[in-house]
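A short write-up of the structure that comes next.
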Amino acid sequence: MTQSGYRALRIRLDKLEFYMKLDSLNRWLTLSANLGVLVGIILLVVELDQNRDMMRAQTRNEIARATQELLTSWATNPGLADIIVRANRSEDLSPSEYFMVAVRSESMLRHIENLHYQNRQGLFDRSEFEASSVRLSQLLRGQPSLVRHWCATRSGFSAEFNEYFQSILSADNC
């Protein structure tokens, strides 16, 4: 082999070695990029899980706050409390008293509907929802005016809520 042939062979071998190093480097870079994507996806899943926990806590807090506001509004209004007692005894009410009972009943039903919806969405703890359902069933036994309002307005609620609410009534009251 001549000197120029040897030199040409050496250049080709150097180029081949260079391309092999580039290919190896390219493979390592691709592996690193794929690992980076995988780590990013794992961090995103963790963040979404934390976000869901935060949403559940916020939902629970909002439901508790709304419940407290409802109860406080009745406890601090003796006139309304008397009207509700009379309505539950099926005593005669004036139109404005009937309106007060209807608004109170509607607000309670919408609150319960929201609780049911949040539970269906997985944002309200199942065991708390079940305990609330037991308490609600007990409450309904002493609130015939609320049950009457439900019977009159239930077509304005979702099918899922209708099914749930009917299941907690002690009997088919409508």
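Across the chain, the relative contact order, built from alpha-carbon pairs under 8 Å that are at least six residues apart, equals 20 percent. Diffusion coefficient of the chain by Stokes-Einstein, Kirkwood radius over Cα pairs, 4 °C, 1.567 mPa s: 60 µm²/s. When ILE41, ILE112, ILE168 are sorted by how many other C-beta atoms sit within 10 angstrom of their C-beta, beginning with the fewest, the order is ILE41, ILE168, ILE112. The Rg/Rh ratio for the stretch 71-146, using Cα coordinates for both the radius of gyration and the Kirkwood hydrodynamic radius, is 1.04.
What do you get for GluC sites (Glu not before Pro) in the stretch 29-91 restricted to DSSP loop and a cutoff of at most 12 other Cβ within 10 Å of the site's Cβ? Display every interim value, and only then the final one.
Values: sites: GLU47, GLU62, GLU69, GLU91; in loops: GLU91.
Loop-located and lightly packed - GLU91.
Please tell me the relative contact order of the stretch 77-174 in percent, rounded to the nearest whole number, where contacts are Cα pairs under 8 Å and at least six residues apart. Display every interim value, and only then the final one.
Values: 52 pairs, mean separation 28.2, N = 98.
Computed value for the stretch 77-174: 29 percent relative contact order.
Mean Kyte-Doolittle hydropathy of -1.0 or higher plus an axial Cα length of 24 Å or more: which whole DSSP H helices in the chain meet both? Provide the component values of the computation, followed by the final result.
Working: long enough: 3-75 (107 Å, -0.06); 95-120 (37 Å, -0.72).
Result, helices passing both filters: 3-75, 95-120.
Classify the stretch 106-166 from the C-alpha gyration tensor, please: rounded if a/c falls under 1.5, else prolate or oblate depending on whether a/b exceeds b/c.
Cα axes put the stretch 106-166 in the oblate bin.
Annotation note: GluC sites (Glu not before Pro) in the stretch 105-155 located in DSSP loop regions with a Cβ neighbour count of at most 13 within 10 Å are absent.
Read-outs throughout are calculated quantities, based only on the coordinates presented, and are distinct from any laboratory measurement. Model, not experiment: these values are computed from the prediction. Every residue, glycine as well, gets a Cβ built from its backbone with ideal geometry; the counts of neighbours run over all protein chains shown.
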